[in-house]
Amino acid sequence: MTSFKNQVVRLPIVPSVVSYYSIPGEQKLDYPAICCFAALGFFLDDDTYFTNRKAFRPATEYKFGTEGEVISRQKYFNWHYTPRSISFEKAQSEFSELLESIVENETANKRIVLPISGGLDSRTLAASVAHRKDVFSYTYQFENGIKENSYGLAVAKSLGISFESFTIPRGYLWNVIDRLAQLNGCYAEFLNPRQMAVFGQLVDKGDIFLLGHGGDLFFDSMGVPDDMSENEQLQYLINKLVKPAGWLLGESLWMAWGLAGDFKEYLERRILFLFRSIKIDNANARLRAFKTEYYVARWTAVNLELFKKQLPLAVPFFHDEMCRFICTVPEDHLASRKLEIEYLKAKQPALANIAWQKVYPCNLYNYSQFSSLPVKLQRGWIKAKRELARHALGKRSDMSNWELQFCGEENDKKLRGHLFTMNSSFVPREITKQLYGKFQKEKKAYLHAITMLLTLNEFGRLVLSETNN
């Protein structure tokens, strides 16, 4: 681990990667923290697998002493909601100028690698660099899955930039799982980082990744009443963060490791403590701030590590000035993706005319008609054709990532091998057997538990064994 002797370390408001430091003391596993990780899918606050290893907190300045010890820690920014009395047009103008300034400053004289999806964030970034020709774009879709590559191709054609598409095959995870464990240190579960399927294939395409992470969080409402009570906010948050299978896995590990007290009470108490540290009255702004401070900083940032291992990153929506801007924009202007939508319509109408995956087959000009009868009929016909192909040809076109990696005889064989044959004994075998059995009966319901068991087992097998040696 990097030594920080006599150094001052200042973390961005939203770090794009997670970094760690050591504190004095014997290296021991932090079992309560690991139970929370198992339930949530990300570590809380500055927790790690070990009691003497901590993650740097966002928006915090650390001063280290001569022995590398922390001598002071000061938070320099707190999320707030201080809306200005400005029109939407004014907010739109400021957003446009700020975004383009950040993108220009972070990518000047660098060839851009831009991943594109069917959503708005990457398309917004594409519009911000529409005047440039040093952009390589790409997208990927799952084998027999939703045709995401078509969105990327449409965006690239509209802008006249180079483009490449990838199809992620069934079972790709098993070929890269050991490398993934080493790259992210097992600090995030292994299902979502589909970029591992193309890892290393993009390094010669440019000099910097331009990523749209965070846009869907910052430029939308959380969908709750602004005056929702704190208890209601807390329950909403817990229901969003912890799935039933997460509770079961966390509680099972808690009891197996002989930890005192009740796991559910412990986790809820920790979430409440962190939530109350955010002093915002508006419920939507407060929930957004919590998710940014804790989820983005410890889940999104871990997965961004896979990009960072290939090329430097530019993540404009994480920029400090963008965060400060968001705190001053009225919630009504942020809600419903309006800032991004209107930016695209004004900046690149052709991009706005491409279908938006969330409301397919609608685009940014007619998405309000998504629930209208004509569009419902069109969606019904699309679904009917998909079902016909499934039954008549035995071919699906809606396969999801988890199905490609965990369903089918060959995938199940690989899964059992990693859970049982290559078991590290870090996780009690009886828990693995119990939850694997439940997963066989209700795959989607117990998917979180299985992916977390896989992650914890890889930690024990690869990371913990190296540490002990």
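State whether the residues of the range 335-349 include one that is part of a helix (DSSP H, G or I), in contact with a helix residue (DSSP H, G or I) (Cβ under 9 Å, 6 or more places away or on another chain), acidic (Asp, Glu) and surrounded by fewer than 15 Cβ atoms within 10 Å (Cβ to Cβ). No, there is no match, as no residue in the range 335-349 is part of a helix (DSSP H, G or I), in contact with a helix residue (DSSP H, G or I) (Cβ under 9 Å, 6 or more places away or on another chain), acidic (Asp, Glu) and surrounded by fewer than 15 Cβ atoms within 10 Å (Cβ to Cβ). It is to be established whether one or more residues within the range 10-22 are touching a residue at least 24 places away in the same chain (Cβ under 8 Å) and surrounded by fewer than 13 Cβ atoms within 10 Å (Cβ to Cβ). Within the range 10-22 (the criterion being touching a residue at least 24 places away in the same chain (Cβ under 8 Å) and surrounded by fewer than 13 Cβ atoms within 10 Å (Cβ to Cβ)), the answer is yes, since at least one residue qualifies. Listed conditions (1) within 20 Å of residue 463 (Cβ to Cβ); (2) surrounded by 14 or more Cβ atoms within 10 Å (Cβ to Cβ); (3) at pLDDT below 95 are all met by residue 401, apart from (1).
Residues that are crowded, with 17+ Cβ neighbours inside 10 Å and either of a type in the set (D, E, K, R) or not assigned by TED's automatic domain parsing to the domain that holds residue 125 (or both) within the range 95-114 comprise 100, 106, listed in sequence order.
So is residue 208 in the same structural domain as residue 98 (by TED's automatic domain parsing), of a type in the set (Val, Ile, Thr) and closer than 23 Å to residue 58 by Cβ or not? It is true that residue 208 is in the same structural domain as residue 98 (by TED's automatic domain parsing), of a type in the set (Val, Ile, Thr) and closer than 23 Å to residue 58 by Cβ.
Looking across the range 76-92, the residues that are part of a helix (DSSP H, G or I) and surrounded by 14 or more Cβ atoms within 10 Å (Cβ to Cβ) come down to 88, 91, 92. The residue pairs whose first member lies in the range 341-362 and is under 17 Å from residue 153 (Cα atoms), whose second member is at pLDDT below 95 and among the acidic types (Asp, Glu), and whose beta carbons are closer than 8 Å, counting only pairs six or more residues apart or on different chains, are 357/148.
Matching residues to (1) at pLDDT below 90; (2) in the same structural domain as residue 448 (by TED's automatic domain parsing); (3) among the hydrophobic types (A, V, I, L, M, F, W, C); (4) under 30 Å from residue 350 (Cα atoms):
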position: 154; (1), (2), (3), (4): no, no, yes, yes
position: 163; (1), (2), (3), (4): no, no, yes, yes
position: 173; (1), (2), (3), (4): no, no, yes, no
position: 180; (1), (2), (3), (4): no, no, yes, no
position: 187; (1), (2), (3), (4): no, no, no, no
position: 194; (1), (2), (3), (4): yes, no, no, yes
position: 202; (1), (2), (3), (4): no, no, yes, yes
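Selection of helices (runs of 4 or more DSSP H) fully inside the range 214-316 by the criterion of at least 3 residues being surrounded by fewer than 16 Cβ atoms within 10 Å (Cβ to Cβ) and not charged (D, E, K, R) returns 230-241, 244-256, 263-276.
Only a single item in (1) over 24 Å from residue 140 (Cα atoms); (2) touching a residue at least 24 places away in the same chain (Cβ under 8 Å); (3) polar (S, T, N, Q) is not met by residue 378, and it is number (2).
The values are calculated or read from the model by the stated rules, or taken from the named source; none is laboratory data. No experiment lies behind these values; they were computed from the predicted model shown. No Cβ is skipped: glycine too gets one built from the backbone with ideal geometry, and neighbour counts run over all protein chains shown.
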